[in-house]
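What follows is a short report on a single structure.
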């Protein structure tokens, strides 16, 4: 009943769901849009990958399809996050008062 | 079975909330289009939970992907006439 | 045994879904709503995978693949629109 693969799958499944929950909490609690981009993209990506890995441990015959979904998420999600952050910076979304440094602003100021 | 019913109820709540946002709008028309896309996306999850994966795939590809893309394209073209 | 595990994971994922939905409804700027949309889509992918595990039907995972594609495409289109208006 308690095979090693089942135990690994259970831990990965619940751990991935916990990472998704932390991403949701970060999405609510973070002070400005840039921090929300970090919380809503990185934590959710890791949580989804862990959950898919857990499902692949529980049902090994679906592993190829789950690997495809995971690879696709791993490639596209940081890209969309970066594009969104750059668009937010360009239309001038306000930063939190705790922000100490803005490297993109410095780079844009130095260039011309 | 209980799991699917609970997921379906949660999805219905979300669809109604997103539809209200799509009608009343946030600050702009773009938010309304995004909310309409979310309605379509969650409706396709609802179709999936009703055990119709092919309908769900079609709804997701056309209702959420193509329609949202087309709306944003047209909105970018007619932007001069938008009263905001 | 697998059933109670799926229930636990689905409950946690449902709470995360509700939190992201709150941010989608209440987000002050458009960027907040877009990131909440992306997050809702990714959480939905996990929900679809859990439903596939609960029902035991592997065909549901194809829909999850279409979802991953659509999430990426939608966020790119919206970010491009708010950046320079096509």
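Laboratory data are not the source of any read-out in this text; all were calculated from the coordinates shown. Everything numeric in this text was worked out from a predicted model, so none of it was measured. Glycine gets a Cβ as well: all are built from the backbone with ideal geometry, and neighbour counts include every protein chain shown.
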MRE, 222 nm, helices only [DSSP H, n ≥ 4, -39500 (n - 2.57), over the protein assembly as shown, to nearest 500]: -26500 deg cm²/dmol
Could you work out how far helix B:29-49 tilts from the main Cα principal axis of chain B, as a 0 to 90 degree angle to the nearest 10? 20
Peptide A:93-99, shielding by other chains (average Cβ, 10 Å cutoff): 1
FRET E, pair residue A:103, residue C:22, Förster distance 41 Å, beta-carbon r, rounded to 0.05: 0.85
Within a Gaussian network of chain A (alpha carbon springs, distance under 10 Å), most fluctuating of A:61, A:102, A:32: A:102
Alpha carbon convex hull of chain A, volume per residue in cubic angstrom: 119
Taking a ≥ b ≥ c as the square roots of the Cα gyration tensor eigenvalues, with a/c under 1.5 meaning rounded and otherwise prolate when a/b beats b/c, else oblate, which class fits segment C:2-84? oblate
Under a plain spin-label model, where a point goes 7 Å from the Cα along Cα-to-Cβ, how far apart in nm are residue B:78 and residue A:28? 3.9
Which whole-angstrom value gives the distance between the alpha carbon centres of segment A:73-109 and segment C:31-86? 21
Folded to 0 to 90 degrees: helix C:60-84 orientation relative to chain C principal axis, Cα: 10
With axes computed from alpha carbons, what is the tilt in degrees of helix B:67-77 against the longest principal axis of chain B, rounded to the nearest 10 within 0 to 90? 10
Say we join alpha carbon atoms closer than 10 Å with springs in a Gaussian network model of chain C; which of C:72, C:24, C:37 then has the biggest fluctuation? C:72
Förster radius 51 Å - calculated FRET efficiency between residue A:5 and residue A:110 (Cβ-Cβ, nearest 0.05): 0.40
Relative contact order of chain A, please, whole-number percent, based on alpha carbon pairs below 8 angstrom and at least 6 residues apart. 29
Using a Förster distance of 45 Å, the FRET efficiency for residue A:61-residue A:86 (Cβ separation, nearest 0.05): 0.65
Does chain B classify as rounded, prolate or oblate by the C-alpha gyration tensor (a ≥ b ≥ c root eigenvalues; a/c under 1.5 gives rounded; else a/b over b/c gives prolate, otherwise oblate)? oblate
Determine the relative contact order of chain B: mean sequence separation of Cα pairs under 8 Å and six or more apart, normalised by residue count, in whole percent. 25
Proxy exposure order for C:44, A:81, B:44, B:28 (fewest C-beta within 10 Å first) is B:28, A:81, C:44, B:44
Mind giving me the nanometre distance, one decimal, between the label points for residue A:38 and residue B:12, set 7 Å out from Cα along Cα→Cβ? 4.1
Order these by the 10 Å Cβ neighbour count, fewest first: A:51, A:99. A:99, A:51
Averaging sequence separations of C-alpha pairs under 8 Å and six or more residues apart, then dividing by the length of chain C, give the relative contact order as a whole percent. 25
